[in-house]
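The values are calculated or read from the model by the stated rules, or taken from the named source; none is laboratory data. On a predicted model such as this, the values are computed, not experimentally measured, just so you know. Don't worry about glycine lacking a Cβ; one is built from the backbone with ideal geometry, like all the others, and counts go over all protein chains shown. Accessible surface is based on the protein model in full, side chains and every heavy atom, while ligands, DNA and RNA are left aside. Shrake-Rupley method; radii C 1.70, N 1.55, O 1.52, S 1.80 Å.
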Amino acid sequence: MSLEVRTVAASEYPDWQRAVDTGFLRSSPLADEVLAGRLANIDLDRTRGVFDGGRCVATFRSFAQELTVVGGARLAADAVSNVSVSPTHRRRGLLGRMMDADLAAAKERGDAVATLIAAEYPIYGRYGFGPAAWITEWEIDVPRTGLDPRWRGPEDGGRIDLVDATDVAEFGPALYERFRARQPGAVTRDDRFWRISTGRVPERAPFESPFWAVYRSPSGETEGLVAYTADANWGDGKQPLNMVSVRQMIALHPAAERALWRFVCSIDWVTTVRTGYRAPDDLLPQFFPDPRAARIVTQADFLWVRLLDVVRALEARTYPVTAGLVLDVQDKAGPAAGRFRLDASPTGASCAPTTESADLTLDVRELGALYLGDESALRLAALGTVREERPRAAAVAESLFRTPRRPWCPDVF
């Protein structure tokens, strides 16, 4: 029987979600109220499936998103999620058909980039996505940090307060908007995100309410937020060996971040802290007298970016130096293919198609990896995935695209 690739009707959504769960190896079905809540918050026109004899065997969904780029601009993005192919239908080009349809619609809609969190590394480069922001997770051996166990609060005159989910629902969205305005790689958090994280919307697992704490400045302004859970582990000698797991932490400046980490590491009975996914160059280890107390347990690619409109994307971000560069962008799928001249300076940038000779030739996936400032053009040239057509062109690209601090996306989507 022929395979049908198309958008999903509301009546087919439960079967589509079953196929998602099959692809992600989740055997427990969602409760009816969870299904209804999810259906109410997805765009069926952007929800695709592959059907074999009426049964959904592959899934794909996208939704509107904003991506913060270097310099703070917010760029319209096509966020890709819920990608799966059932094990009975692998290697038939089903993902490619769904991806091509979605990216074409995104380009037509006017989205400048597409984004996703890759479950597997090798898949998405062939669709033009590049790993644009990485993550690191640390495990902190609290007794080894060298922190003073007599700590009573922030030294800068601020304070740490415990709050409840109702408080977070009120001030959390505005705090996050201030945070993402200055964090390249951060993406939109909609109202549903906050309703789920504060337990107001049922999800797959029973909700485990985290503890919430905020940092308030000496003037009383809320400038940082941490959510964490804790286990109840006691050793054989009746010694507490509890571990705190940080679910999320956002801070508007290093003093707030330092104070929140100091607070988490000062909780009685806690000997270990798992940080959750942070930027690879997070300040965290250096907050401790002994940075070796923070041991890396995860380091991996996270946010992938695919340019759809090269001109808009390159003009949206800022650049630290004044320079010009002609990029020959290779794109088998088409949306980003072409030769473009970028003229950039700290005060602004212009980009336009050109017939000039190229300085640098690269695939759109490499441009995605460079876009937020995380990857090195010199490194890619050494690897042979970027080709210099003019001497020192990779060095010019390095000076333009690379940023002093690495981008970070705090959210899975």
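Being more than 20 Å from residue 335 (Cα to Cα) and either touching a residue at least 12 places away in the same chain (Cβ under 8 Å) or surrounded by fewer than 16 Cβ atoms within 10 Å (Cβ to Cβ) (or both) is the requirement here; does residue 85 meet it? Give the derivation first.
On the way: more than 20 Å from residue 335 (Cα to Cα): yes; either touching a residue at least 12 places away in the same chain (Cβ under 8 Å) or surrounded by fewer than 16 Cβ atoms within 10 Å (Cβ to Cβ) (or both): yes.
Answer is yes for this residue.
Go through region 204-262 and give me each residue that's outside any strand (DSSP E or B), within 26 Å of residue 289 (Cβ to Cβ), within 24 Å of the chain's Cα centre (by Cα) and not aliphatic (A, V, I, L, M).
253, 254, 257, 258, 261
Which one of the conditions (1) among the small types (Gly, Ala, Ser); (2) touching a helix residue (DSSP H, G or I) at 6+ places or on another chain (Cβ under 9 Å); (3) within 30 Å of residue 182 (Cβ to Cβ) does residue 119 fail to meet, given that it meets all the rest?
Against the list (1) among the small types (Gly, Ala, Ser); (2) touching a helix residue (DSSP H, G or I) at 6+ places or on another chain (Cβ under 9 Å); (3) within 30 Å of residue 182 (Cβ to Cβ), residue 119 comes up short only on (2).
Under 8 Å between Cβ atoms, at least 6 apart or on separate chains: pull out the pairs that start in region 279-292 with a residue that is closer than 18 Å to residue 151 by Cα and end on any residue that is hydroxyl-bearing (Ser, Thr, Tyr) and open to solvent by 40 Å² or more (accessible area, probe 1.4 Å).
none
Between 106, 112, 79, which is open to solvent by less than 20 Å² (accessible area, probe 1.4 Å), touching a residue at least 24 places away in the same chain (Cβ under 8 Å), touching a Ser or Thr at 6+ places or on another chain (Cβ under 6 Å) and not acidic (Asp, Glu)? First the steps, then the outcome.
Working: 106 fails: touching a Ser or Thr at 6+ places or on another chain (Cβ under 6 Å); 112 fails: touching a Ser or Thr at 6+ places or on another chain (Cβ under 6 Å).
So the residue among 106, 112, 79 that is open to solvent by less than 20 Å² (accessible area, probe 1.4 Å), touching a residue at least 24 places away in the same chain (Cβ under 8 Å), touching a Ser or Thr at 6+ places or on another chain (Cβ under 6 Å) and not acidic (Asp, Glu) is 79.
Under the condition of being within 11 Å of residue 50 (Cα to Cα) and touching a helix residue (DSSP H, G or I) at 6+ places or on another chain (Cβ under 9 Å), which residue from region 7-18 is most open to solvent (accessible area, probe 1.4 Å)?
Only one residue fits best here, namely 7.
I'd like to check something: does region 394-406 contain any residue that is surrounded by 23 or more Cβ atoms within 10 Å (Cβ to Cβ), closer than 21 Å to residue 72 by Cα and in contact with a Ser or Thr (Cβ under 7 Å, 6 or more places away or on another chain)?
no
For residues that are closer than 18 Å to residue 340 by Cβ, in a helix (DSSP H, G or I) and open to solvent by 10 Å² or more (accessible area, probe 1.4 Å), tally how many sit in region 350-379.
Number satisfying all stated conditions: 2.
Looking only at region 229-244, which residues are open to solvent by 40 Å² or more (accessible area, probe 1.4 Å) and out of contact with any Asp or Glu (no Cβ under 7 Å at 6 or more places or on another chain)? Give the derivation first.
Initially, region 229-244 is screened for residues open to solvent by 40 Å² or more (accessible area, probe 1.4 Å), giving 230-234, 236-239, 241, 243.
Matches in region 229-244: 230, 231, 232, 233, 234, 236, 237, 238, 239, 241.
Return the residues of region 150-187 that are more than 24 Å from residue 198 (Cα to Cα), acidic (Asp, Glu) and surrounded by 13 or more Cβ atoms within 10 Å (Cβ to Cβ); say none if nothing qualifies.
156
For (1) open to solvent by 60 Å² or more (accessible area, probe 1.4 Å); (2) touching a residue at least 24 places away in the same chain (Cβ under 8 Å); (3) part of a helix (DSSP H, G or I); (4) in contact with a strand residue (DSSP E or B) (Cβ under 9 Å, 6 or more places away or on another chain), each residue gets a yes or a no:
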site	(1), (2), (3), (4)
20	no, yes, yes, yes
25	yes, no, no, no
28	yes, yes, no, no
37	no, yes, yes, no
48	no, yes, no, yes
51	no, yes, no, yes
58	no, yes, no, yes
65	no, yes, no, yes
72	no, yes, no, no
